[in-house]
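Structure, as structure tokens:
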Amino acid sequence: CSGCGKTVTLERIFSMYPQALHHAEYNITQVVYLKLDTPIDADLDELCLSFFNEIDKILGTNYSRSHGRKKFGTKRLLACMSQVANLHALGVLIIDEVQNLNEAKSGGAEKMHNFFVSLVNTIGVPIIQVGTHRASKFFQRTFRGARRGSGIGSLRWDRLPRDDHWKRLLKRLWKFQWLQKAIPLDDETEATMYELTQGVMDIV
């Protein structure tokens, strides 16, 4: 669900690790993790190109010039991604905002499914795909896409249900009132808050 904190949570988890490590004994710089933000209304080639751009930002390299050219086509770009990932011993690839992919520009649903299956098989590292409910509908159109997309498991973050966790959260938040005259949290206020926010963390 949009606004539930998916991206922030991932960024906080991975901020505990250095993004790049230089191994002097092997003379390589390892990229521990790489997070891609899918461009809005993008096709599959643009997603591949963003991979090289992000690597260049981290390492100061020029892969976007040598490997990341749109005229190469999707298959060759995938092969180049695999080469760069192996060269820098990439640990994990995170693809955020997957729902931004344009199905029509990418050549249809089947081609998109084949791309992600090939990506998992070719690049050889764990891939975390993150998106809203729109992305889950896309990945579950075919059983193969759903199985490959989830890998060892998928996690669905929905809005908060109106239960004890919700009430505990509101009690904690209620200490931080910006009103000149603070009001107590009662059942009516709690019900109104849920009606207005529907349990979406960002709106809360």
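The values are calculated or read from the model by the stated rules, or taken from the named source; none is laboratory data. This structure is a prediction, so every number in the text was calculated from the model and none was measured. FYI the Cβ positions are ideal-geometry reconstructions off the backbone, even for glycines, and counts take in every protein chain you see. All accessible areas refer to the heavy atoms of the entire protein, side chains included, with ligands and DNA or RNA removed. Shrake-Rupley method; radii C 1.70, N 1.55, O 1.52, S 1.80 Å.
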Q: Go through (1) under 21 Å from residue 115 (Cβ atoms); (2) within 18 Å of the chain's Cα centre (by Cα) one by one and return the number of the condition residue 32 breaks.
A: (1)
(Q) Considering only residues that are open to solvent by 70 Å² or more (accessible area, probe 1.4 Å), farther than 16 Å from residue 19 by Cβ and modelled with pLDDT of 90 or more, which ones fall in the stretch 47-72? (A) 62
**Q.** Criterion (modelled with pLDDT of 90 or more, assigned to a strand (DSSP E or B) and exposed (fewer than 15 other Cβ atoms within 10 Å of the Cβ)) met by exactly one of 93, 21, 34
**A.** 21
Q: Those residues that are free of Cβ contacts under 8 Å to residues at least 12 places away in the same chain and assigned to a helix (DSSP H, G or I), I need them from the stretch 1-18; list them, please.
A: 8, 9, 12, 13
Q: Scan 131, 151, 145 and give me the residue that is within 29 Å of residue 87 (Cα to Cα), within 27 Å of the chain's Cα centre (by Cα), exposed (fewer than 13 other Cβ atoms within 10 Å of the Cβ) and modelled with pLDDT under 90.
A: 151
Q. What number of residues within the stretch 175-199 satisfy the criterion of being of a type in the set (Phe, Trp, Tyr) and at pLDDT 90 or above?
A. 1
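So that you can scan it fast, the table gives a plain yes or no per residue for (1) farther than 22 Å from residue 7 by Cβ; (2) open to solvent by less than 100 Å² (accessible area, probe 1.4 Å):
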| position | (1), (2) |
| --- | --- |
| 173 | no, yes |
| 178 | yes, no |
| 185 | yes, yes |
| 190 | yes, yes |
| 196 | yes, no |
Q: Consider only pairs whose beta carbons are under 8 Å apart and that are at least six residues apart or on different chains; among these, list those whose first residue lies in the stretch 153-178 and is in contact (Cβ under 8 Å) with a residue 60 or more places away in the chain and of a type outside the set (S, T, N, Q) and whose second residue is open to solvent by less than 90 Å² (accessible area, probe 1.4 Å) and part of a helix (DSSP H, G or I).
A: 157/6
Q. Which one of the conditions (1) open to solvent by less than 30 Å² (accessible area, probe 1.4 Å); (2) modelled with pLDDT of 90 or more; (3) within 21 Å of the chain's Cα centre (by Cα) does residue 1 fail to meet, given that it meets all the rest?
A. (2)
Q | Residues (without any contact (Cβ under 8 Å) to a residue 40 or more places away in the chain and over 12 Å from residue 95 (Cβ atoms)) located in the stretch 38-56 | A | 45, 46, 49, 52, 53, 55, 56
